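Have a look at the structure below before the remarks.
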Amino acid sequence: MSQRVAPSLSKSLVAGLAAAALALVLLLPTARGEEYPVFWTSPTPADQTKFTVPMGKDVSITLAAATSVSLAAVHIQPLSSIPKGARFNSADGGVAKASFHWTPKKLGDYIVEFQASSVEVSAPTLRFVIHVVPYEYSLANEKVARWGFVLKRAVVRAQPKAAARVVTTLATATGDDTQNLVLAIEGVDRSPTETWYRVRLPILPNNTTGWVRAGYLSKLQTTRTHLYIDRARKTAILKRSGVTVFKTGVGVGLPYWPTPQGEFYIRSKLTNFNDPFYGPIAFGTNARSAVLTDWPGGGFVGIHGTSLPQIIPGAVSHGCVRMVNSAIVRLARLMSIGTPLTIS
């Protein structure tokens, strides 16, 4: 004989069983093997990921989370306040999506945390570290270079920071009484108001570089010429944007007064000489003789004409580069101060 459940008990019994079933669904691992019924999914980065971003550049983090509970929606949100100026957008759903965008303006380490939740159940909290570093960039290549005048006496340091070792100081004028200038190789932005340039220096040993605050220099100017001196072939070649526009034979230093080798720049342009020995035009460089350091001005290497064209090409000088007068005049029409100089 079959038994019947009393009508007054059937509704409460059904409701209790339904609640128990829902609780069991929320607590049991999903069929996909997830530990939680709310879980992070691709393309979410792994917990404790460290993002290294240059100051002033955008960092983006894309998040996604899902749930194994039918008809439930997932919500993603920052667990704590996000950095000033950052943007966070999210869209709820069975698969929720969110994005974090930020352009940092100050160096340091910043922590951001995110939570994904549904029906009072959450996935494990994600914690990311954003490591903001100085923004570094190149200012020179074979086709273009940048230089600036020294506007006030400048302290040059070994690293782009005020506490770094002092390498030298730069005066506003050269020994030829022209305005001093330096060739910039690369730049570093440490804050929106703090920029440093690594520059070539007019000191010994040759090829020394150092860092100077941008505020000591004029606005950087651009040049697309590059002069190449080949000591073995005794030639000078000027290129503009990588294309040869000038070539001539030259005189270089004698073996015991060698023309220095390395990367330099054209520092000054001088005209109207009374002494024909130097020709009609001379260019001063930041290169210096390593053996004639007691010469006036410190033994700086020049590029100039000559009253003795018959000695060109050859090893004939105390380290300066000589060319016939017609060639130096042509070069002066094509090459400006600030031009990079490679001596090989």
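Applying the condition of being over 33 Å from the mean Cα position of the chain (by Cα) and at pLDDT 95 or above to the range 51-72 and asking which residue is nearest to T125 (Cα to Cα) yields A65.
Considering the conditions (1) free of Cβ contacts under 8 Å to residues at least 40 places away in the same chain; (2) over 19 Å from T178 (Cβ atoms); (3) buried (at least 22 other Cβ atoms within 10 Å of the Cβ); (4) of a type outside the set (D, E), G305 is excluded by exactly one of them, (2).
Could you go through the range 255-265 and let me know if any residue there is touching a His at 6+ places or on another chain (Cβ under 8 Å), assigned by TED's automatic domain parsing to the domain that holds I312, part of a strand (DSSP E or B) and in contact (Cβ under 8 Å) with a residue 40 or more places away in the chain. Give the derivation first.
If we filter the range 255-265 for residues that are touching a His at 6+ places or on another chain (Cβ under 8 Å), which is where we start, we get 257.
After this cut, where a residue has to be assigned by TED's automatic domain parsing to the domain that holds I312 as well, the list is 257.
Remaining after also requiring part of a strand (DSSP E or B): none.
The answer is no; no qualifying residue exists.
If you take the residues of the range 85-129 that are in a loop (DSSP other than H, G, I, E, B) and more than 24 Å from the chain's Cα centre (by Cα), which of them is nearest to T49 (Cα to Cα)? Only one residue tops the list, namely T125.
Which of the following residues is touching an Asp or Glu at 6+ places or on another chain (Cβ under 9 Å) and in a strand (DSSP E or B): W211, W196?
Details: W211 fails: touching an Asp or Glu at 6+ places or on another chain (Cβ under 9 Å).
Going through W211, W196 in turn, just one is touching an Asp or Glu at 6+ places or on another chain (Cβ under 9 Å) and in a strand (DSSP E or B): W196.
For first residues located in the range 220-232 and farther than 19 Å from M323 by Cα, partners that are of a type in the set (A, V, I, L, M) and surrounded by 15 or more Cβ atoms within 10 Å (Cβ to Cβ) and lie 6+ apart or on another chain with Cβ distances below 7 Å form the pairs L220/A184; T222/V144; T223/A145; R224/V144. Against the conditions (1) assigned to a helix (DSSP H, G or I); (2) within 23 Å of D177 (Cα to Cα), A327 satisfies every one except (2).
Being out of contact with any helix residue (DSSP H, G or I) (no Cβ under 9 Å at 6 or more places or on another chain), charged (D, E, K, R) and outside any strand (DSSP E or B) is a description that applies to R233.
The values are calculated or read from the model by the stated rules, or taken from the named source; none is laboratory data. Only a predicted model underlies this, so the values are computations on that prediction, with no experimental measurement involved. For neighbour counting, all protein chains shown are included, and Cβ atoms are generated from backbone atoms with ideal geometry for every residue, glycine included.
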